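Please treat every number below as a calculation from the coordinates, not as lab data. Just so it is clear, the model here is predicted, and its values are computed rather than measured. Positions of Cβ are backbone-derived with ideal geometry, glycine not excepted, and every protein chain shown enters the neighbour counts.
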Amino acid sequence: MPPRKAGYQQSMLPEVLSAGGQSLDDLRGEAATCEACDLYKLGTQTVFGEGPEDADLMLMGEVPGDLEDKTGHPFVGPAGKLLDRASSRPRSTAATCT
């Protein structure tokens, strides 16, 4: 994979977002050092996600909120509370990423 560049162009998105057969641990490591956009400047840590790797459903948030950044866990703030109220499926059966 080429070195990360500050910012990204629309044509780069498939490369940036593609797992390319990598394991979740590999992707977690890449996310922790990613500087492809300015998001890394705003947070104190990467909120990669959690849940079963073989989940039938994966929920992805746009940007980690303050509580997610503080705890390092996805959907622990207001969006997570809303998700819990709206879902009939236990969150432990779904993978969640922010």
Taking amide H atoms as placed 1.01 Å from N in the peptide plane, list the residues 5 or more away in sequence, or in a different chain, whose amide H sits under 5 Å from that of LEU59.
ALA95, THR96, CYS97
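Net charge near GLY77: determine it from the other residues with C-beta under 10 Å of the C-beta of GLY77, scoring Lys and Arg +1 and Asp and Glu -1.
Residues near GLY77 contribute -1 overall.
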